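The values are calculated or read from the model by the stated rules, or taken from the named source; none is laboratory data. Computed from a predicted structure; not experimentally measured. Here the Cβ positions follow ideal geometry from the backbone for every residue, glycine too, while neighbour counts run over all protein chains shown.
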Amino acid sequence: MKKFHVLSLLILCAIFIVEAPVFAATVGNPLDLDIPSQSAILRQQAIGEAMDEHEEVVKIKAALDLEFVFDKDLNASWEMSNPEMEGQWSMFKLGTTIFNRVEPYIKIGTSELEVKWKQGTSQIEVVADSGLAWGAGVKGVIWDFEDFWDVRLTGDIQYRTTEPDVSEVSLGGNPVVDTGADFKVDEWQAAFVLSKKFELPLKWQNVYIVPYTGLTISDSNVDVKFTNPDNPGTDYTLFDASNESVMGFVLGCDIMPSLRESFIYSIELRFVNELALTLGGAMKF
């Protein structure tokens with residue numbers, strides 16, 4: 001009713017209030033009647049909300065993981081004793097999270113690894129240069145136990161490989177020169193992890209931590225071999241060594257400064273089949 005009174009007043013003013021001769025005013029064409037009734041501003045707001053909803057459905061995440069392997073026992077032929085691998089991986093991960101349930105991802109980075117074993121009476125050490133490493137995997141939510149302390153069960157399956165050049169070979173403490181030495185590592189892993197989110201109220205904002213723990217099932221193929229020019233008839237090789245133990249244990253924690261932040265920081269320890277530490281961070285685009 002208020003709008004009707006205002007409109008009527010404007011029409012009366014246009015008819016009766018004439019202070020000077022005027023020309024004909026623009027009437028407008030019939031297309032004006034077909035202009036959408038929705039406000040352009042409200043329409044843009046609706047589009048923005050739809051885009052936000054789409055971002056919640058499909059997210060692009062990037063992460064950087066620095067992994068330090070202090071000791072990983074290997075299983076080789078009976079001729080080799082105490083084979084083990086150590087070193088570090090620096091991996092950049094790019095993934096797509098779909099409906100907050102499934103995340104396929106790819107990894108690319110570098111490896112700096114060293115393998116040791118004893119063959120006969122000789123202690124052997126093979127050190128590789130920093131080499132290209134890559135991999136792929138998929139992570140997904142298996143079940144949310146909402147009635148059981150809001151615990152979440154997730155699964156992760158991944159594969160990675162590297163084939164760096166050999167920089168140093170030591171046989172019984174003596175250096176060996178072999179430009180054709182081979183060093184290749186393939187790894188497979190499946191993990192099942194339980195996690196729970198906790199909120200820590202602080203003075204300036206709430207911080208969220210997500211501790212997690214679980215089991216890993218992993219195996220590897222470590223193919224390292226070289227030739228000694230002083231003894232060309234002897235094969236110095238691990239004969240595609242695998243993990244001494246396929247079962248492992250993982251313990252880690254993710255830290256979120258707030259639910260509105262796009263960054264997550266993480267620390268992870270792995271035991272039993274290897275002793276390793278990973279420091280990482282992830283960002284959502």
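Take the stretch 100-112 and flag every residue that is farther than 14 Å from Arg160 by Cα and among the hydrophobic types (A, V, I, L, M, F, W, C).
Selection gives Val102 alone.
Would you mind telling me which numbered condition in (1) aliphatic (A, V, I, L, M); (2) out of contact with any Pro (no Cβ under 9 Å at 6 or more places or on another chain); (3) over 20 Å from Gln189 (Cα atoms) Val207 fails?
(2)
Among the residues of the stretch 246-282, write down those that are under 17 Å from the mean Cα position of the chain (by Cα), among the β-branched types (Val, Ile, Thr) and more than 19 Å from Thr96 (Cα to Cα).
Hits for the stretch 246-282 are Val250, Ile255, Ile267, Thr278.
Considering only the stretch 239-249, I want to know if a residue exists there that is assigned to a strand (DSSP E or B) and of a type in the set (Val, Ile, Thr). Before you say what the answer is, go through the steps one by one.
Within the stretch 239-249, the first condition is being assigned to a strand (DSSP E or B), and the residues that meet it are 241-243, 247-249.
Still in the running and of a type in the set (Val, Ile, Thr): none.
Among the residues of the stretch 239-249, not one is assigned to a strand (DSSP E or B) and of a type in the set (Val, Ile, Thr), which makes the answer no.
Out of the residues in the stretch 187-236 meeting the condition of being of a type in the set (Asp, Glu) and in a strand (DSSP E or B), tell me which one is nearest to Ser167 (Cα to Cα). Don't jump to the end; show me each part of the working.
Looking only at the stretch 187-236, we keep the residues that are of a type in the set (Asp, Glu), and these are 187, 199, 219, 223, 230, 235.
Pick out the ones that are also in a strand (DSSP E or B) and you get 187, 199, 219, 223.
Working: Glu187: 22, Glu199: 48, Asp219: 25, Asp223: 16 Å.
Only one residue tops the list, namely Asp223.
For the stretch 231-266, give me the residue count where each residue is out of contact with any strand residue (DSSP E or B) (no Cβ under 6 Å at 6 or more places or on another chain) and without any contact (Cβ under 8 Å) to a residue 24 or more places away in the chain.
7
For every residue, the table says whether it meets (1) at pLDDT 90 or above; (2) over 22 Å from Thr278 (Cβ atoms); (3) crowded, with 18+ Cβ neighbours inside 10 Å.
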{"residue": "Lys59", "(1), (2), (3)": "no, no, no"}
{"residue": "Asp65", "(1), (2), (3)": "yes, no, yes"}
{"residue": "Phe68", "(1), (2), (3)": "yes, no, no"}
{"residue": "Asp71", "(1), (2), (3)": "yes, no, no"}
{"residue": "Trp78", "(1), (2), (3)": "no, yes, no"}
{"residue": "Thr96", "(1), (2), (3)": "yes, no, no"}
{"residue": "Arg101", "(1), (2), (3)": "no, yes, no"}
{"residue": "Ile106", "(1), (2), (3)": "yes, no, no"}
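Note down all Cβ pairs under 8 Å where the first residue falls in the stretch 81-104 and is touching a residue at least 40 places away in the same chain (Cβ under 8 Å), the second is of a type outside the set (A, V, I, L, M, F, W, C) and outside any strand (DSSP E or B), and they're at least six residues apart or on different chains.
Asn100/Glu56
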